[in-house]
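So the structure is just underneath, and the comments pick up after that.
Values quoted throughout were computed directly from the atomic coordinates according to the rules given, and no laboratory measurement underlies them. Not measured: the values here are computed from a predicted model. Here the Cβ positions follow ideal geometry from the backbone for every residue, glycine too, while neighbour counts run over all protein chains shown.
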Amino acid sequence: MSDKVIIFDTTLRDGEQSPGASMTKDEKVRIARQLERLKVDVIEAGFAASSEGDFQAISAVAAAVKDSIVCSLARANDKDITRAADALKAANAKRIHAFLATSPLHMAVKLRMSPEEVLEQAKRSIRFARNLADDIEFSAEDGYRSEMDFLCRVVEAVINEGATTVNIPDTVGYATPELYGEFIHTLRTRVPNSDKAVWSVHCHNDLGMAVANSLAGVKIGGARQIECTINGLGERAGNTALEEIVMALRTRKDYFDMVCGIDATQIVPASKLVSQITGFVVQPNKAVVGANAFAHTSGIHQDGILKNRDTYEIMRAEDVGWAANKIVLGKLSGRNAFKQRLQELGIALEAEADLNEAFVRFKTLADQKSEIFDEDIIAIMSDSAAAEEGEFYKFISLSQHSETGERPKSKVTFRVDDKEVTSEAEGNGPVDASLNAIEGIVKSGAEQLLYSVNAITSGTQSQGEVTVRLAKGGRIVNGVGTDPDIIAASAKAYLSALNKLHDPSQAKLNAQMTP
């Protein structure tokens, strides 16, 4: 019988550490529900002590999720662990995830603690956590660069104190597959009580080997939990990509002889949802979920596929959810059809007023474009969720003029708190003019780090999805806006980013404080 690999998804925590990827409470709940449909074993919903906003988001996810284990990260101290336990109170199944650095560099420079002090702190924190929950995970931050003898002592001690999962992360993405697998294997061999806990791997992608390292940790090292994110989202070069791990285990079952409980048909919907909410576009040649992952342009390849799909395809597009992304609605579609499609997409609207508002948005879009895709509906619901959160800045209307040889002008009307304002400005182009008009009123002084445009679907009728990344006072935020009019989408995205800068609950502890 094949071994079971536990899939631990940290999109909502480690994935959110990508600069600008911060998510609202409602956005986290929507992604968590999709992760539950994906049948993820453990959902790490956030870092409860990092901000009030994260605490509230974890609490909301804990209340919404029924089947998956909901987890909160905590530093190895009583205050953080208590905060995590409080945020998880509503969960059907909960896990507290405590971490503490164990590498010589991190202990000396970051913690300024001796190895013996770290060992005692690790023991005390797990002992304390066991009074608040039965499912406790301990992470040895920068574990792969830790000294083997010391790491063995720490792991043995935390298991004795009640840790049920032990995670050995490659925090800085330094590992290579064979060496990382052997490192985990050596630890498991040398720690006397290693059989009393599940061993976990958590790898970063700085050298492009996060997936390979994680699989080696399982195959060679004997770990049985993999920590990963949708689309490999994460700080720096990202994390282990869930979709690649799952399909590697499935496609090469002959080699790994392991299974996971993931419903692979939900992979692409999860990928699209995370991409649209965070504004991090999936590259076309991305494995499994990229737009070109199952495209064949070479004549030889096309001929082979037509004769036998196995000639050039090792997995089917429909197995990961691509087949579900078809045109489903148009402007003649009724309210019940729209509601049914929302349910099929896993979007739950508890209040009738919310459904009515979303349907109005749908009808407005259907008047602008003849074919409504699933991606369009997800974008509509993202806009609705943002409105529910309560926007300090809200887009109302825009008009602009641009002509060859003349400097473009734009007039934007938007709401600031409860007051409607209108501003006009010029710019190098219509987008620049529109954002200048907004900034002329707001005067945020934020630095613009990124402006990108992505077509949500194909064709010139497609909605444009614009991402604007702003930085101010050490904080980096993304704003995402969608509209068939790219200029309007740009204004919406800029205002969305300003809303996040304005919201104090979005401020968090430095991402470098976590593994």
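Overview of values
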item	result
Segment ARG236-LEU132, extension gain: residue separation times 0.36 nm, minus the distance between their alpha carbons	34.1 nm
Orientation-averaged projected area, Cα convex hull of the stretch 1-104 (nm²)	8.1 nm²
Principal-axis tilt of helix 115-129 within the chain, Cα atoms, nearest 10 degrees	70 degrees
Which of VAL154, VAL468 has the fewest Cβ neighbours within 10 Å, and the rest in rising order	VAL154, VAL468
Sequence ranges 7-20, 441-454, 479-492, 77-90, ranked by mean other-Cβ count within 10 angstrom, highest first	7-20, 479-492, 77-90, 441-454
Cα extents of the stretch 95-138 along the three principal axes, largest first (Å)	32, 15, 10
Filtered trypsin sites (Lys or Arg not before Pro), the stretch 244-287: DSSP coil and at most 16 other beta carbons within 10 Å	ARG252
Paramagnetic label zone (point 7 Å from Cα along Cα-to-C-beta, SER402; backbone N under 16 Å) in the stretch 481-500	483-494
The stretch 391-506: Rg to Rh, with Rh as the Kirkwood radius over Cα pairs	0.96
For the chain, calculated [θ]222 nm from helices alone, where every DSSP H run of n ≥ 4 adds -39500 (n - 2.57)	-12000 deg cm²/dmol
Per-residue ³J(HN,Hα) for the stretch 479-496, Karplus 6.51 cos²θ - 1.76 cosθ + 1.60, θ = phi - 60°, Hz, x for Gly and Pro	x, 10, x, 10, 5, x, 8, 4, 5, 5, 4, 5, 5, 4, 5, 5, 5, 4
For the stretch 188-270: rounded, prolate or oblate by the Cα gyration tensor [a/c cutoff 1.5]	oblate
Dipole magnitude (debye, nearest 20) for the stretch 391-506, charges at Cβ of Lys, Arg, Asp, Glu	300 debye
Least to most buried among HIS204, HIS106, HIS502 (fewest other Cβ within 10 Å first)	HIS502, HIS106, HIS204
Loop-located trypsin sites (Lys or Arg not before Pro) in the stretch 103-170 whose Cβ has at most 10 other Cβ within 10 Å (DSSP)	ARG112
Along principal axes, Cα extents of the stretch 3-285, largest first, whole Å	46, 43, 32
Estimated distance in nm for a label pair at GLU178 and ASP263, the labels positioned 7 Å out from Cα along Cα-to-Cβ	4.1 nm
Nearest-20 debye value, the chain charge dipole, Cβ charges on Lys, Arg, Asp, Glu	340 debye
Contour minus Cα-Cα distance for ASP432 and ALA291 (0.36 nm per residue)	47.8 nm
Rh (Kirkwood; distinct C-alpha pairs) - the chain, Å	24.1 Å
Per-pair calculated FRET efficiency, R0 = 60 Å: GLU117 and GLU420 via Cβ, rounded to 0.05	0.55
Projected-area average for the stretch 173-212 over all orientations - Cα convex hull basis, square nanometres	2.9 nm²
Point-to-point label distance, HIS502-SER444, nm (Cα→Cβ direction, 7 Å offset)	1.0 nm
